[in-house]
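Take a look at the structure below.
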Ligand SMILES: *Cc1c(COP(=O)(O)O)cnc(C)c1O
């Protein structure tokens, strides 16, 4: 069953001598599961192909962007057409307005938008706009939520920051985080208590409305409603970080699904169709504080890049016109239920939440509602499950604390193959637990 990957092993050796950990983003390094990262050669639909010639059913989708699968023909065609006209002009293009119109139509709380180059840039800039608008410094985040590697937000952050064991990173001066309050996700009482004493000093609350970066954690409706109410009462800017959930859970993101309107929203991943794009935007009165109309400075040499805009436009138009969300939800639901059934049959403690096209199999018997409960998972068991699946051609996110993604390219056969692989993997684990 094992799949030898000698070329990946050699390339990993080479890369480690050149880049920290051999990677350009820590989550890729297999730090949480051990072993050698798989070097990929190409993608096609729901599949990745590694440099040793193995095929994998891909549930990472480049960590979120590829909701339409790899090499979607409409996206490739749009990129090629834009490429033929040039890669970057440093002047306005029509494509920027086209993508902005698509975003604003999809996410009505975003009255004005600004394009940037990554999710990190989007959250960093949204925080700055909120501080500039309110004239206040303090911000609130939630333990286990990840908002990119922004200094002020690298406190109890999720995703790679969680996996790699630096809840607060060296290199971030204390001054950068002294204005950051960290509360527990889904705890409405903590929110009310903090707002009672500090509500008039808070610039913003930022959260993943549905969390993907400590594994999938679904919000209690009351928690989101409390945040909306307290922010309204105190003039605090509510920021939904929908870099992962935007165009993923629904075309209008988590805010459409839960019917709650934030003041600012950040986007990334899907909105760039596989190229580097981030977006922040929201209420017109807040966004009018951003330069050049307002005093809050923010800029970017390659922001609104024409090739990236073309990929984003093609992605959003395809999603809008084909509305795949029901089908994605159906596949994901059956996959999550199937994984649960197989884990139960093998007698392994687990819970497998799913929402839209996101799911996480947690090796923990109780529901995961916040960071503390996520950290109770059996990460060693997860690591072994991950490798058992990898060796059977199924590529899950390489940490217990990540969400997995289904794309429109996944087929009934992929579902069946995945569940068969999972059954064999669970059996192999159960024999040695
Ligand atoms: C991925 C992610 C980010 C960071 O985006 P980058 O493009 O990696 O900088 C921010 N917030 C959330 C919720 C994310 O999932």
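Each reported figure results from applying straightforward, stated rules to the coordinates on display, with no laboratory input. These numbers come from a predicted model, not from an experiment. Here the Cβ is made from the backbone with ideal geometry for all residues, glycine too, and neighbour counts use every protein chain on show.
Some points to look at:
- Degrees separating the helix 379-390 axis from the principal Cα axis of the chain, which is the longest one: 70
- For segment 301-365 versus segment 100-124, the gap between their alpha-carbon centres in whole angstrom: 21
- Global geometry of segment 1-117, whether rounded, prolate or oblate, following the gyration tensor of its Cα atoms and the 1.5 cut on a/c: prolate
- Between segment 400-423 and segment 248-284, the Cα center-to-center distance that results, in Å: 25
- Label-point gap, in nm, between residue 327 and residue 14 - each point 7 angstrom along Cα→Cβ: 3.9
- Axis angle, to the nearest 10 degrees, between helix 188-198 and the longest C-alpha principal axis of the chain: 30 degrees.
- Residue 427 paired with residue 285, simple spin-label distance in nm, labels 7 Å along Cα-to-beta-carbon: 6.4
- With both residues required to sit in the chain, DSSP beta bridges show an antiparallel share near 55%.
- Taking the DSSP bridge list for segment 73-322 and keeping only pairs wholly inside it, about 40 percent are antiparallel.
- Mean separation of Cα contacts under 8 Å (6+ apart) over length of the chain, as relative contact order %: 22
- Degrees, to the nearest 10: 94-106 long Cα axis against longest axis of the chain: 80
- Percent of C-alpha pairs per 20 Å bin, the chain, short to long: 26, 59, 15, 0
- Computed extension length for residue 200-residue 71: 41.6 nm, one decimal, from 0.36 nm per residue of separation with the Cα-Cα distance subtracted.
- Euclidean distance between Cα centres, segment 25-77 to segment 133-157, Å: 29
- Percent RCO, i.e. relative contact order, over segment 73-322, from Cα pairs under 8 Å lying at least 6 residues apart: 30
- Placing pseudo-labels 7 Å out from each Cα toward the beta carbon at residue 176 and residue 111 gives an inter-label distance of 3.3 nm.
- Pairs of Cα atoms nearer than 8 Å and 6+ residues apart set the relative contact order; for segment 88-175 it is 16 percent.
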